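Q: Would you mind keeping the following structure in view while I ask a few things?
The values are calculated or read from the model by the stated rules, or taken from the named source; none is laboratory data. Since this is a predicted model, take the numbers as computed values, not measurements. As a convention, Cβ positions derive from the backbone with ideal geometry for all residues, glycine included, and neighbour counts pool all protein chains shown.
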Amino acid sequence: MHATITPAVDRSDSTVHRASDRTREYLESSDKSFGDCRQRLISYLVKLNHALDENFIDLSEALLGRFCDSLVDYLSAGHFRVFQRALPSADEYAAIEASTREAMSFNDSFDNHAGIEPQVVKAALERLALTLGTRFELEDDMQRNDRLQDVFLSPPVRTSAHMLPDFQGFH
(Lines give C-alpha, C1' and ligand atoms only; values in the text may rest on other atoms or scores of the structure.)
Protein backbone atom coordinates (compact mmCIF):
# COMPACT_ATOMS: atom_id res chain seq x y z
CA MET A 1 0.00 0.00 0.00
CA HIS A 2 1.26 3.33 -0.98
CA ALA A 3 -0.37 6.42 0.56
CA THR A 4 -0.46 9.72 -1.25
CA ILE A 5 0.47 12.72 0.85
CA THR A 6 -1.47 15.85 0.05
CA PRO A 7 -0.07 19.16 1.26
CA ALA A 8 -2.21 20.84 3.90
CA VAL A 9 -1.71 24.22 2.23
CA ASP A 10 -2.14 24.90 -1.45
CA ARG A 11 0.85 27.05 -2.36
CA SER A 12 -0.03 27.55 -5.98
CA ASP A 13 0.53 31.03 -7.34
CA SER A 14 -3.20 31.68 -7.74
CA THR A 15 -3.94 30.73 -4.13
CA VAL A 16 -1.14 32.94 -2.79
CA HIS A 17 -2.30 35.77 -5.06
CA ARG A 18 -5.89 35.44 -3.82
CA ALA A 19 -4.68 35.38 -0.21
CA SER A 20 -2.57 38.49 -0.84
CA ASP A 21 -5.58 40.22 -2.39
CA ARG A 22 -7.75 39.32 0.60
CA THR A 23 -5.04 40.50 3.01
CA ARG A 24 -4.64 43.76 1.09
CA GLU A 25 -8.43 44.32 1.11
CA TYR A 26 -8.60 43.56 4.84
CA LEU A 27 -5.80 46.01 5.61
CA GLU A 28 -7.25 48.72 3.38
CA SER A 29 -10.60 48.31 5.12
CA SER A 30 -8.89 48.33 8.51
CA ASP A 31 -6.96 51.50 7.62
CA LYS A 32 -10.13 53.22 6.40
CA SER A 33 -12.02 52.23 9.53
CA PHE A 34 -9.15 53.43 11.73
CA GLY A 35 -8.95 56.69 9.76
CA ASP A 36 -12.70 57.21 10.12
CA CYS A 37 -12.41 56.55 13.86
CA ARG A 38 -9.57 59.07 14.19
CA GLN A 39 -11.48 61.65 12.14
CA ARG A 40 -14.61 61.19 14.28
CA LEU A 41 -12.52 61.69 17.42
CA ILE A 42 -10.99 64.90 16.05
CA SER A 43 -14.42 66.15 14.97
CA TYR A 44 -15.84 65.65 18.48
CA LEU A 45 -12.76 67.25 20.00
CA VAL A 46 -13.23 70.38 17.88
CA LYS A 47 -16.98 70.54 18.56
CA LEU A 48 -16.49 70.01 22.28
CA ASN A 49 -13.79 72.67 22.42
CA HIS A 50 -16.10 75.15 20.67
CA ALA A 51 -19.04 74.33 22.98
CA LEU A 52 -16.79 74.81 26.02
CA ASP A 53 -15.51 78.14 24.63
CA GLU A 54 -19.09 79.32 24.16
CA ASN A 55 -20.05 78.04 27.64
CA PHE A 56 -22.85 75.85 26.24
CA ILE A 57 -23.02 73.55 29.26
CA ASP A 58 -25.74 71.13 28.11
CA LEU A 59 -24.18 70.79 24.66
CA SER A 60 -20.72 70.40 26.23
CA GLU A 61 -21.94 67.56 28.45
CA ALA A 62 -23.52 65.76 25.49
CA LEU A 63 -20.44 66.23 23.31
CA LEU A 64 -18.16 65.18 26.16
CA GLY A 65 -19.96 61.83 26.38
CA ARG A 66 -19.66 61.31 22.64
CA PHE A 67 -16.03 62.40 22.66
CA CYS A 68 -15.25 59.89 25.43
CA ASP A 69 -17.00 57.11 23.50
CA SER A 70 -15.03 58.01 20.36
CA LEU A 71 -11.82 58.18 22.38
CA VAL A 72 -12.23 54.64 23.68
CA ASP A 73 -13.15 53.42 20.17
CA TYR A 74 -10.04 55.10 18.75
CA LEU A 75 -7.75 53.65 21.40
CA SER A 76 -9.13 50.16 20.79
CA ALA A 77 -8.94 50.43 17.01
CA GLY A 78 -5.48 51.95 17.18
CA HIS A 79 -4.18 49.26 19.50
CA PHE A 80 -5.22 46.49 17.17
CA ARG A 81 -4.11 48.33 14.05
CA VAL A 82 -0.66 49.15 15.43
CA PHE A 83 0.08 45.89 17.20
CA GLN A 84 -1.35 43.67 14.48
CA ARG A 85 0.92 45.15 11.87
CA ALA A 86 4.00 46.51 13.59
CA LEU A 87 6.40 45.70 16.33
CA PRO A 88 7.09 49.05 17.96
CA SER A 89 10.42 49.82 19.54
CA ALA A 90 10.54 50.02 23.33
CA ASP A 91 10.33 53.83 23.15
CA GLU A 92 7.39 53.73 20.75
CA TYR A 93 5.61 51.20 22.92
CA ALA A 94 6.20 53.32 26.03
CA ALA A 95 4.86 56.44 24.27
CA ILE A 96 1.75 54.63 23.03
CA GLU A 97 1.18 53.11 26.47
CA ALA A 98 1.58 56.50 28.20
CA SER A 99 -0.85 58.19 25.80
CA THR A 100 -3.34 55.36 26.32
CA ARG A 101 -3.12 55.76 30.10
CA GLU A 102 -3.63 59.52 29.85
CA ALA A 103 -6.58 59.12 27.49
CA MET A 104 -8.22 56.49 29.69
CA SER A 105 -7.70 58.72 32.73
CA PHE A 106 -9.49 61.52 30.86
CA ASN A 107 -12.30 59.12 30.00
CA ASP A 108 -12.60 57.90 33.59
CA SER A 109 -12.70 61.48 34.86
CA PHE A 110 -15.28 62.87 32.47
CA ASP A 111 -17.39 60.13 30.88
CA ASN A 112 -20.99 60.06 32.17
CA HIS A 113 -20.48 62.98 34.55
CA ALA A 114 -23.18 65.61 34.78
CA GLY A 115 -22.51 69.08 36.11
CA ILE A 116 -19.14 69.60 34.46
CA GLU A 117 -16.89 72.55 35.18
CA PRO A 118 -16.07 73.93 31.71
CA GLN A 119 -12.65 75.32 32.71
CA VAL A 120 -11.57 71.99 34.22
CA VAL A 121 -12.73 70.03 31.17
CA LYS A 122 -11.15 72.59 28.82
CA ALA A 123 -7.75 72.37 30.55
CA ALA A 124 -7.83 68.55 30.54
CA LEU A 125 -8.99 68.51 26.91
CA GLU A 126 -6.09 70.75 25.86
CA ARG A 127 -3.57 68.46 27.57
CA LEU A 128 -5.19 65.42 25.97
CA ALA A 129 -5.21 67.08 22.53
CA LEU A 130 -1.44 67.58 22.75
CA THR A 131 -0.96 63.95 23.79
CA LEU A 132 -3.20 62.70 20.97
CA GLY A 133 -1.36 64.87 18.45
CA THR A 134 1.92 63.26 19.49
CA ARG A 135 0.34 59.81 19.29
CA PHE A 136 -1.07 60.52 15.80
CA GLU A 137 2.40 61.54 14.63
CA LEU A 138 3.97 58.43 16.15
CA GLU A 139 1.45 56.11 14.52
CA ASP A 140 1.88 57.89 11.18
CA ASP A 141 5.68 57.79 11.48
CA MET A 142 5.61 54.08 12.22
CA GLN A 143 3.65 53.55 9.03
CA ARG A 144 5.71 55.97 6.92
CA ASN A 145 9.01 54.58 8.12
CA ASP A 146 8.01 51.19 6.81
CA ARG A 147 7.75 49.78 10.30
CA LEU A 148 4.73 47.81 9.15
CA GLN A 149 5.07 44.26 7.98
CA ASP A 150 5.21 43.55 4.29
CA VAL A 151 1.48 43.00 4.06
CA PHE A 152 1.62 41.71 0.53
CA LEU A 153 3.84 38.78 1.44
CA SER A 154 2.36 37.75 4.75
CA PRO A 155 -1.05 37.89 6.41
CA PRO A 156 -1.60 40.25 9.32
CA VAL A 157 -0.17 39.03 12.59
CA ARG A 158 -2.81 38.41 15.21
CA THR A 159 -1.54 38.88 18.73
CA SER A 160 -2.96 38.48 22.17
CA ALA A 161 -1.89 40.57 25.12
CA HIS A 162 0.00 37.62 26.60
CA MET A 163 2.02 37.26 23.38
CA LEU A 164 3.36 40.84 23.42
CA PRO A 165 6.85 41.38 24.82
CA ASP A 166 7.01 42.80 28.33
CA PHE A 167 8.37 46.33 27.93
CA GLN A 168 7.79 47.21 31.61
CA GLY A 169 11.52 47.47 32.27
CA PHE A 170 12.25 49.83 29.38
CA HIS A 171 10.97 53.10 30.87
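Q: Here are A51, A62: which of them is closer than 19 Å to H113 by Cα, surrounded by fewer than 19 Cβ atoms within 10 Å (Cβ to Cβ), free of Cβ contacts under 8 Å to residues at least 24 places away in the same chain and of a type in the set (G, A, S)?
A: Answer to the check: A62.
Q: A follow-up question, please. Buried (at least 19 other Cβ atoms within 10 Å of the Cβ), farther than 26 Å from Q143 by Cα and touching a helix residue (DSSP H, G or I) at 6+ places or on another chain (Cβ under 9 Å) - does that describe any residue in segment 26-37?
A: no
Q: Return the pair list, or none, for Cβ contacts closer than 7 Å from residues in segment 73-92 that are more than 15 Å from D36 (Cα to Cα) to residues that are in a helix (DSSP H, G or I) and among the charged types (D, E, K, R), at least 6 apart or on different chains.
A: Listed pairs, sorted by first residue: V82/E139.
Yes/no per residue for (1) buried (at least 18 other Cβ atoms within 10 Å of the Cβ); (2) at pLDDT below 95; (3) not in a helix (DSSP H, G or I):
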site: S105; (1), (2), (3): no, no, no
site: H113; (1), (2), (3): no, yes, yes
site: I116; (1), (2), (3): no, yes, yes
site: L128; (1), (2), (3): yes, no, no
site: D141; (1), (2), (3): no, yes, no
